[in-house]
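The values are calculated or read from the model by the stated rules, or taken from the named source; none is laboratory data. Please read all numbers here as calculations on a predicted model, not as lab measurements. Here the Cβ positions follow ideal geometry from the backbone for every residue, glycine too, while neighbour counts run over all protein chains shown.
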Amino acid sequence: MNDNTTVNRRKFLQTGALAGGGLLLSFYMPALGKGLKRVPPAPATCAPNAFIRINADNSIKILCGHSEMGQGTYTAMSQLIADEMDADWSKIVVEAAPAHQDYFNPGFGMQLTGGSASAYSEWERLRKVGASARAIMIEAAAKKWNVPAAGCTAKDGFVLHSSGKKISYGDLVEAAQGITPPTDVKLKDPKDFKYIGKPVKRLDTKEKTNGEGIFGMDVKIPGMLVAVIQRPPVFGGKVKSFNADKAKAVPGVQQVVQIDRGVAVVATGYWAAKQGREALEVEWEDGPLLDSVEQRKLYKEMANKPGSVALKEGDVSAVTGAAKALDVEYETPYLNHAQMEPLNCVADVRADGCDIYIGTQAQTIDQMVAAGITGLKPEQVKIHTMLLGGAFGRRAIMDGHIAAEAVQVSKAIAKPVKVMWSREDDVRGGYYRQFSHHKMIGSLGADGKPLSWLHRVVCQSFMIGTPMEQMAVKNGVDMIAVEGATELPYEVPNLQIEWHRGTEAVPTLWMRSVGHSYTAFAKECFIDELAFAAGKDPYQYRRSLMDKHPRLRNVLDVAAKKAGWGTALPAGRARGIAVHESFKSFIAQVAEVSVTATGKIKVHKVVCAIDCGPTINPDTIKAQMEGSVVFALTSAFYGDISFENGRVKQRNFHDYKIMRINEAPVVETHIIESTDTMGGVGEPGVPPTAPAVANAVFVLTKNRLRKMPFPADVRKTT
Amino acid sequence: MISLKVNGKNYEVDASPDMPLLWALRENLELTGTKFGCGMAQCGACTVHMDGNAVRSCVTPLSRAAGKNIITIEGLNDDIAQRLRDAWTAEEVPQCGYCQSGQIMAAAVLLREKPHPTDEDIDYGMAGNICRCGTYQRIRKAIHRAAKASTP
């Protein structure tokens, strides 16, 4: 396996500094510039498995197969290993693993970071990996001392013997050679955890505060050119013809080549490439001309007809004797992930191999896609995973188009190239969170309890037509498209969840919390509507219907209690509540909200309670809840990708707005101590926020916000 | 050739005078700590100091930057910078980290002008810098912490 490729200057500096300590694992040749290549490693490092490299200077390198996109996985995965290994945390260095089956996500069967799954899918494996390395160190020391291993123990990077002898892991590197890693290892009792469950400091903060961290965008390899691609202005469009004369006349532009997804302008740098693209003349053959106004009408009509049934309990059509009935519609728009780092990829295609430098969530797919384009074997394609400047799902794509473009351009020009997306390219690049329409029909009995609940979702599927279709589609329903709707935690005797597949005119994709991002909005606002229709407190109403969901009910109770639910607030403020399970975690949020004199929503505070089972790093969990709330508020207040004549109307951050610091609320997170099943933390904080805010706005204005983004003046809308 | 003074060093850059400073920093000088986010002064990821002011290098043409004293995240090494980095570390601010160079560059100017900023000062001084990971609450705490760490 190849773990010796990186372009991280910081790592170079670290390894260089460590060289004085003894064994130099390998070294870089900085003369090559930022595309640093390493020579093969010296033989005497201890590699007990694919994840750990123990060096003679006592440093321990962890090779992380999960991509670091801000969620803290480099630190969390290292905590799992370091704890069971009894390593010294100050000696841990983490690096991106290469693309290799050793690093396949145990749950996905490929190297893919997503689904908030890293922590719970590695909880067993990486602790065993650490424990196995610990056992090797103990056996090596026992061998060196010629004593039984049973008399040895390990602590903070040392093996200790009952006689008082002590030796560091680094000094055991040679003795450890040839020892077979044990497969049957005993894991720690959680009460003995030293790093797991503790707010250990992130390993990547220094390089993210001094400019040294290398993101995909920052990669430069020898001979590399920069390309921007003119893609069709309409999804499904194709190049009819192009004239590159004017583009080639721009100083710095070297070549103009057509690839599958458009026309690439290749230059010595980004500015020249961009100017060249502006001068490029392309005639397009348009695809279908989507119009958002028409699409809204169509979806509304579809929502009035029965869809494919995702879930049926009782019979919603046979309900009699309802005291009250509600029939309302909710809607959410297409959304762009808008990660801060625009998409990019460096590819160097040669006859004997291909190197790809990319901030990707899906190494295996990129590797396969590049192999397909180049005719190389997958193992000849080396994926160098860089830091990801945000991702939110946009960098986990089943067609691997970000890498594919760069590979095609590099292949065409026979040189290394960095394909860069402008912000406009990114905003208009598709792969959006779906536009969705929701028909909600409910009825209440005389006691105020729900008698029936129909939730009909209309939206596209990004699963159908992919290798994941078989897993996702059941009885004609894309279960990912209706996730969250089908797990209604409230007791309703007659329940039906339906789905209509929307117009497949735009490429769509998972975005942070995926289906839950819209189903929870409809579901948690609608239960609030039922509560008010029943004349009940919305917290107590929810709680009375959740007997079969104790973990969810508990977070609801904790959030309500910590937020002071029912206590007085300053004039003009109100609370709204929402609770939702996703990615195996349970979250409730209470939003404290006011509305300004001009009708603008101000969210002052969000109290969040989460039960994600055992925790690896509580500070990371808090950070994810804080970030999720802001992410969700951006969607609630601003997020909207819309179409006119097939063209995306939005362009950049001036018309695709992101929440800023002056609007951001205080987020207070309470983590439930739990030994129950472990869940994810990257996504589940998102779904409850928008409904909690909308429910608070209703208290203040008596207007139900049933459409995202919320209007700029919430006093006027129903 | 355009003469640039960046982080105390003089450079001659062969580029068009209308090219934004950002690309000279990132591609010609290989100072990639300054990030590209939007290209139209909307997000602040490209923030650098020019004669002590925070500017958006993505819309600052080289003709305007020539001869000015430019500081990037790599060259930000004064007492304020140290306090900010310590505070950023203590509060565990960065998530993906892509915007944080720009955040720190903006915060450094804020603290120079307002050594003890109020929440309103922070809102005003930092609203030009987007963080899509939503680290705002921690940025606020870290700026207050850095301000408190100053020697009176």
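Taking region A:368-397 as the search range and keeping residues that are of a type in the set (D, E, K, R) and touching a helix residue (DSSP H, G or I) at 6+ places or on another chain (Cβ under 8 Å), which one is nearest to A:THR73 (Cα to Cα)?
A:ARG395
Taking into account only those residues within region A:657-693 that are in contact with a Phe, Trp or Tyr (Cβ under 7 Å, 6 or more places away or on another chain) and over 23 Å from A:GLN71 (Cβ atoms), which is farthest from the other protein chains (Cβ to nearest Cβ)?
Only one residue tops the list, namely A:PRO691.
Under 7 Å between Cβ atoms, at least 6 apart or on separate chains: pull out the pairs that start in region B:110-139 with a residue that is at the interface with chain A (Cβ under 8 Å from one of its Cβ atoms) and end on any residue that is among the aromatic types (Phe, Trp, Tyr).
Sorted first by the residue in region B:110-139, then by its partner, the pairs are B:ILE130/A:PHE653; B:GLY134/A:PHE631.
In region A:161-204, what residues are within 14 Å of another protein chain (Cβ to nearest Cβ) and buried (at least 18 other Cβ atoms within 10 Å of the Cβ)?
A:VAL200, A:ARG202, A:LEU203, A:ASP204
It is to be established whether one or more residues within region A:285-294 are among the hydroxyl-bearing types (Ser, Thr, Tyr) and surrounded by 15 or more Cβ atoms within 10 Å (Cβ to Cβ).
yes
Would you confirm whether or not region A:660-673 contains a residue that is without any contact (Cβ under 8 Å) to a residue 12 or more places away in the chain, crowded, with 19+ Cβ neighbours inside 10 Å and charged (D, E, K, R)?
The answer is yes; a qualifying residue exists.
How do the pairs read when you match residues in region A:384-402 that are away from chain B (no Cβ under 14 Å) and in contact (Cβ under 8 Å) with a residue 24 or more places away in the chain with residues anywhere that are among the charged types (D, E, K, R) and surrounded by fewer than 24 Cβ atoms within 10 Å (Cβ to Cβ), using Cβ under 8 Å and keeping only pairs 6 or more apart or on different chains?
These pairs meet every condition: A:HIS384/A:ASP355; A:HIS401/A:ARG261.
All but one of (1) over 22 Å from A:LEU343 (Cα atoms); (2) surrounded by fewer than 24 Cβ atoms within 10 Å (Cβ to Cβ); (3) more than 10 Å from chain A (Cβ to nearest Cβ) hold for B:ASN77, so report the exception by its number.
(3)
May I ask you to list the residues in region A:205-235 that are part of a strand (DSSP E or B) and more than 7 Å from chain B (Cβ to nearest Cβ)?
Correct list: A:LEU225, A:VAL226, A:ALA227, A:VAL228, A:ILE229, A:GLN230.
Of B:GLY97, B:GLY102, which residue is within 11 Å of another protein chain (Cβ to nearest Cβ) and assigned to a loop (DSSP other than H, G, I, E, B)?
The unique qualifying residue is B:GLY97.
Looking at B:GLY134, B:GLY102, can you tell me which residue is buried (at least 24 other Cβ atoms within 10 Å of the Cβ), at pLDDT 95 or above and in contact with a strand residue (DSSP E or B) (Cβ under 7 Å, 6 or more places away or on another chain)?
B:GLY102
Being outside the structural domain of A:ASN49 (by TED's automatic domain parsing), of a type outside the set (Asp, Glu) and more than 30 Å from A:GLU281 (Cβ to Cβ) narrows it down to one of A:PRO233, A:PRO182, A:PRO222, A:PRO199, so name that one.
Exactly one residue qualifies, and that residue is A:PRO222.
Would you say A:MET302 is touching a Gly at 6+ places or on another chain (Cβ under 8 Å) and away from chain B (no Cβ under 14 Å)?
It is true that A:MET302 is touching a Gly at 6+ places or on another chain (Cβ under 8 Å) and away from chain B (no Cβ under 14 Å).
Which of the strands (runs of 3 or more DSSP E) found entirely inside region B:30-92 contain at least 2 residues meeting this: touching a Leu at 6+ places or on another chain (Cβ under 9 Å) and not assigned by TED's automatic domain parsing to the domain that holds B:TYR136?
B:47-50, B:53-56
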